[in-house]
């Protein structure tokens, strides 16, 4: 799957992934290849990304939205908290 994580200031991440776990407003949920189309609001928390080439990336967001369509995932974050 293709993932892009955007903030109002920048494109924070773009790449191929195997899964993503996001903090939905009704609870965390995971997106895998072939997931049905969805748009959902996100709360502040950690977006956990499993990259196709191996390794994981954790991105702390302050809220936003996720859209999934045809194995393309877009996370529109209102902000990212950098450690």
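Quick notes on this structure:
- Extending 7 Å from Cα along the Cβ direction at residue 72 and again at residue 52 yields two label points whose distance is 1.4 nm.
- Stokes-Einstein translational diffusion, the chain - Kirkwood Rh over all Cα pairs, 0.890 mPa s, 25 °C, in µm²/s: 198
- Shown is the FRET efficiency for residue 43 and residue 16, computed with R0 = 22 Å from the Cβ-Cβ distance and rounded to the nearest 0.05: 0.25.
- Annotation: peptides 67-80, 8-21, ranked by per-residue average of other Cβ atoms within 10 Å with the highest first, follow the order 67-80, 8-21.
- Estimated FRET transfer efficiency (residue 33, residue 7; beta-carbon r; R0 30 Å; 0.05): 0.75
- Computed from label points 7 Å out along Cα-Cβ, the spacing between residue 60 and residue 26 is 2.8 nm.
Rule-based calculations on the coordinates, nothing more; no lab input. The structure displayed is predicted, hence computed values, not measured ones. Every residue, glycine among them, receives a Cβ derived from its backbone with ideal geometry; neighbour counts consider all protein chains shown.
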